[in-house]
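Read-outs throughout are calculated quantities, based only on the coordinates presented, and are distinct from any laboratory measurement. In this text, all values refer to a predicted model and were calculated from it rather than measured experimentally. Ideal geometry is used to build each Cβ from the backbone, glycine not excepted, and the neighbour counts take in all protein chains shown.
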Amino acid sequence: MKISSVKIISLLFFILSAFYLYTAYQIQVFSFDENAPFNAKTFPIYLGYAGMFLAGLKIILPERLKEEVDHKVLDYKKVIFLVIIMIFYGLTILRVGFFVSTSIFLLLSYYFLGERRWKFMIIFSFPFVAIFMFLLHGLLNIYLRDPFLKYLGIIG
Amino acid sequence: MIEGILIGLKTALSLKNILMVMMGCFFGTIIGMLPGLGPMTAIALMIPITYGFDPATGLILMAGVYYGAVFGGSTSSILINAPGIPGTVATSFDGYPMAQQGKAGKALAIAAYSSFAGGTIAAIFLLFAAPSLSKVSLSFRSPDYFALMILGLTAVAAFSSKGQFLKAMMMAVLGLMLASVGQDTLSDIPRFVFNNMNLSDGISFVLVVMATFAMSEALMIILRGTDPSSAAKAISLKELGSIKLDKEETKKTLKTIPRSSIIGFIVGVLPGAGSTIGSFLAYGMERNFVSKEEKEKFGKGSVHGLAAPETANNAACSGSFVPLLTLGIPGSGTTAVMLGALLGFGIQPGPRLYMTNPEIFWSVIMSMYIGMVVLLILNLPLIPYIARILAVPRTFLIPMILFFSVTGIYLMSFNTFDIFLMIGIAIVATGLRLYKFPMPPLILAFVLGGLMEENLRRSLLISDGSFSFLWERPVTAVIIVFTILIVSWQAYQSLKTK
């Protein structure tokens, strides 16, 4: 018997709700609040039960519309690449600085999505980020930490 | 009320705010034209920018984006039969056949005039309905608000995607769960933070909106290998033809506008219904109103068939502001995003907004008129040029969406944890969207989570822990009955299909 993907997602949601409910019961409330009609864990407890109930219904009830996705036509490779680039961007934004990390993020994203026109790729990375940073600093007074540009003496 | 209108006009007609409306309409049109990217994505991308402005300006900008996106959606529906948003699907029924007959310019003009008229008439309704409803809603108590929020969530879940009620309700619960992360508002007790300091203030609303809409939309486009800019390329190459309407077409449009405006506005006010249902309902009703001869033309390029959904979807947009401004409860995903942004400004919409912040209340209403004028005067003649701007290949478009999402959230907190959390939520949201789990109920629930808990807390404390508050007050009981009716209807529909 083949279990549909929606049922698997519902089962995962059921487990998540059960974990949420367990964690909700573990919330430490003040002793004087313990028997109050409502305390910090009341609402989460209701939510945990509601999540389990709805997910349970979805698992038990037969499906009206079969929602199967043809994974062969989906381009997972590019998505994984982009997610890795975004994580890399998040890791470098503070250490390397906004200018270099953002420019490299854009450049790599263009490349992995299949762009090969280097002239446009360069224009829409380094100069684009420089203009964006100038607008942030100059117009909106938003300071962006950038150790690299600071080292070069471009920003204070 | 006259005083309020003048306050609103003064704020809305300031040079800065007029520029914001224009910018919002322009930006919204561009995003709305891209199939798949709707008003919610457009507004989500705008939120970090709005935090640099005062609340009235921020909300005016977002309202402009909203109208622009709806108009942009109509353009791609008419020209290439690819509706940018669900609210403009009905527009394509007659708009696209008109474009195929070489009357694309006329179809766009009818859409623009109908949108303008529908939005303006509905804004007049809003002008009178909002203050009156504000006064009525002042008598609302916590149980009523709690029941209204339950009704709003149920209605949005019921209408957000056909036959997916259980999935939508699961998403609503997930939204409420996400909203419960962080310190409890009353006791400051940490909940679901797992000793992570970054979670003690809860999850940012902007982060969730960006992750579930802008970022996950970008990931979906790559995953499916679609190119949203292909729509724009087709538009720019197309011969639009004249945008002038003849006497007969004008007469037909004028006949349709009043009735569709009323339908659109009423549907827009109802929680969860919004522009999609409004436009379909107006299209269906219009078919019953016209002569037998005109009825035959529906689906083949009827002027009535194009004007009706276009009028109704814009009227519904204005209508959806009524519950937001008067009750503080959004009736749709888009207004939920706006509510979240308002809460970010430290403003609590609701009946008291009318008295405490009249400049916001009235300037939003006034800016709607200005937005409509901007759409009519600027956007219509500019459509071919906007389309050219849009012909940006996806290899540039997607990285830009991701860049604005990541930078937007980084600029708000300067915390890289938020970037990783956003990526995580976006991946989960993309997976869920692949299997048709709708996101609007999640956003609505996330925004309402705090308010819902607060009102449930008050209600339970007043009734000493008993749930009798749900039927003790007639208003609460009526709202609960409506909620039960929606759930029963969904259950009945489900059984009927089986």
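Rank these for me by crowding, B:94, B:144, B:184, A:33, going from fewest to most other beta carbons within 10 Å.
Details: B:94 28, B:144 22, B:184 19, A:33 15.
Lowest to highest Cβ neighbour count: A:33, B:184, B:144, B:94.
On average, how many beta carbons from a partner chain sit within 10 Å of the beta carbon of a residue in B:164-172? Provide the component values of the computation, followed by the final result.
Values: counts 4, 2, 9, 7, 1, 7, 12, 2, 3.
Mean partner-chain Cβ count within 10 Å for B:164-172: 5.
Can you give the angle from 0 to 90° between the axis of helix B:380-390 and the longest principal axis of chain B, with both taken from C-alpha atoms, to the nearest 10?
Approximately 70 degrees, to the nearest 10.
Give the separation of the Cα centroids, the range B:147-200 to the range A:78-94, in Å.
A separation of 28 Å, based on Cα centres.
Starting with the fewest neighbours, write out B:342, A:108 ranked by other beta-carbon atoms found within 10 Å of each beta-carbon. List each step's numbers first, then the result.
Details: B:342 27, A:108 20.
Least crowded to most crowded, the residues run A:108, B:342.
Could you go through the range B:200-205 in sequence order and give the Karplus-derived ³J(HN,Hα) for each residue, using 6.51 cos²θ - 1.76 cosθ + 1.60 with θ = phi - 60°, rounded to whole Hz, and x for Gly and Pro?
Calculated HN-Hα couplings, in order: 5, 8, x, 8, 5, 4 Hz.
Can you give the average number of partner chain beta-carbon atoms within 10 Å of each beta-carbon in peptide A:82-92, as a whole number? Before the final figure, lay out each step's value.
Values: counts 8, 7, 0, 2, 12, 4, 0, 8, 10, 3, 1.
Average per residue, whole number: 5.
So what's the back-of-envelope 222 nm ellipticity for chain B, counting only DSSP H runs of four-plus at -39500 (n - 2.57) apiece and dividing by all residues, rounded to 500? List each step's numbers first, then the result.
On the way: 25 runs with 374 residues, N = 498.
Helix-only estimate at 222 nm: -24500 deg cm²/dmol.
May I ask you to list the GluC sites (Glu not before Pro) in the range A:64-156 that are in a DSSP loop and have at most 13 other Cβ atoms within 10 Å of their Cβ? Can you show the working numbers first?
On the way: sites: A:67, A:68, A:115; in loops: A:67, A:68, A:115.
Taking the range A:64-156 and a limit of 13 other Cβ atoms within 10 Å, the loop GluC sites (Glu not before Pro) found are A:68.
What is the order of A:137, B:304, fewest Cβ neighbours within 10 Å to most?
Working: A:137 13, B:304 23.
Placing the least packed residue first, the sequence is A:137, B:304.
Rounded to the nearest 10 degrees, what's the angle between the helix A:5-26 long axis and the longest principal axis of chain A, both from Cα atoms, 0 to 90?
80 degrees
In percent, how large is the relative contact order of the range B:2-497, given Cα pairs closer than 8 Å and 6 or more residues apart?
Numbers: 938 pairs, mean separation 138.6, N = 496.
So the answer I get is 28 percent.
I need the phi-derived Karplus couplings for the range B:6-17: 6.51 cos²θ - 1.76 cosθ + 1.60, θ = phi - 60°, integer Hz, Gly and Pro marked x.
5, 4, x, 5, 4, 5, 5, 8, 5, 4, 4, 6
For the range A:75-152, what's the relative contact order in percent, using C-alpha pairs closer than 8 Å and at least 6 residues apart? List each step's numbers first, then the result.
Numbers: 56 pairs, mean separation 28.4, N = 78.
Over the range A:75-152, the number comes to 36 percent.
So what's the angle, to the nearest 10 degrees on a 0 to 90 scale, between helix B:104-137 and the longest Cα principal axis of chain B?
That helix lies at roughly 30 degrees to the long axis.
Check residue B:191: other-chain or 5+ apart residues with amide H under 5 Å from its amide H, H built from backbone geometry?
It is B:182, B:183, B:184, by chain and number.
Which shape class applies to the range A:10-81: rounded if a/c is under 1.5, otherwise prolate when a/b exceeds b/c and oblate if not, where a ≥ b ≥ c are the square roots of the Cα gyration tensor eigenvalues? Each step should come with its number before you reach the end.
Values: a/c = 5.00, a/b = 2.10, b/c = 2.38.
Oblate.
What lysines does residue A:72 reach when the alpha-carbon gap must be under 20 Å and sequence neighbours fewer than 8 apart in one chain are set aside?
In chain and number order, the partners are A:2, B:436.
Under the definition of Cα pairs under 8 Å and six or more residues apart, what whole-number percent is the relative contact order of chain A?
Details: 108 pairs, mean separation 30.9, N = 156.
Reported relative contact order: 20 percent.
Putting +1 on Lys and Arg Cβ atoms and -1 on Asp and Glu Cβ atoms, find which of B:61, B:6, A:4 reaches farthest to the positive end of the dipole of the protein assembly as shown.
Checked the options; the winner is A:4.
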